[in-house]
């Protein structure tokens, strides 16, 4: 791994952590608006962002009120989501993966750890993910993808 890739991973992880922890009350719990999740769409542009996104999620979840279990469950969900984003050829479809994956994983986590109703928890997580990644992230990344110079910088 070269220095450029390692730098991308470190910067991605750091930005994800800061963006998550800075709005901590919104980033954790039954209703989540984790705006850092918009960054998961970076995996659509270049899979090199996957380790940084996964590391950023793991470090962010160290601050979760659910404790170490959230580090494992949330990080696994993020890994699956960003991997699937990187394999999906359509940006809109790619933006759905975090909603589908995280809602089930985090919904189950909230059910088993906090005894919250699974379907309601899954629904709330899905709403937050869909709002952030698809309704906000998708249009932002459509604009980014139209600007070839920005895409070249992100892929460099």
Do the conditions hold for residue 10, that is, is it surrounded by fewer than 20 Cβ atoms within 10 Å (Cβ to Cβ) and closer than 23 Å to residue 107 by Cα? no
Listed residues 58, 43; which is crowded, with 24+ Cβ neighbours inside 10 Å and either at pLDDT 95 or above or not in a helix (DSSP H, G or I) (or both)? 43
Hey, any hits in the stretch 109-121 for a residue that's free of Cβ contacts under 8 Å to residues at least 40 places away in the same chain, within 23 Å of residue 8 (Cβ to Cβ) and not in a helix (DSSP H, G or I)? no
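Considering 82, 71, which residue is crowded, with 22+ Cβ neighbours inside 10 Å, at pLDDT 95 or above and in contact with a helix residue (DSSP H, G or I) (Cβ under 6 Å, 6 or more places away or on another chain)?
On the way: 71 fails: crowded, with 22+ Cβ neighbours inside 10 Å.
Answer to the selection: 82.
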Please specify each residue of the stretch 87-100 satisfying the condition of being part of a helix (DSSP H, G or I), crowded, with 17+ Cβ neighbours inside 10 Å and more than 10 Å from the chain's Cα centre (by Cα). 91, 94
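Take the stretch 128-143 and flag every residue that is in contact (Cβ under 8 Å) with a residue 40 or more places away in the chain and either surrounded by fewer than 16 Cβ atoms within 10 Å (Cβ to Cβ) or more than 18 Å from the chain's Cα centre (by Cα) (or both). Lay out the reasoning, then the answer.
Quick first cut of the stretch 128-143, residues in contact (Cβ under 8 Å) with a residue 40 or more places away in the chain only: 128-129, 131-134, 136-138, 140-142.
Once the filter is applied, which keeps residues that are in contact (Cβ under 8 Å) with a residue 40 or more places away in the chain and either surrounded by fewer than 16 Cβ atoms within 10 Å (Cβ to Cβ) or more than 18 Å from the chain's Cα centre (by Cα) (or both), the stretch 128-143 yields 140, 142.
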Going by what's in this entry, would residue 84 be described as closer than 22 Å to residue 151 by Cα and part of a loop (DSSP other than H, G, I, E, B)? no
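The values are calculated or read from the model by the stated rules, or taken from the named source; none is laboratory data. If you're wondering where the values come from, they're calculated on a predicted model, not measured in any experiment. Neighbour counts are summed over all protein chains in view; Cβ atoms, including those assigned to glycine, are modelled from backbone coordinates with ideal geometry.
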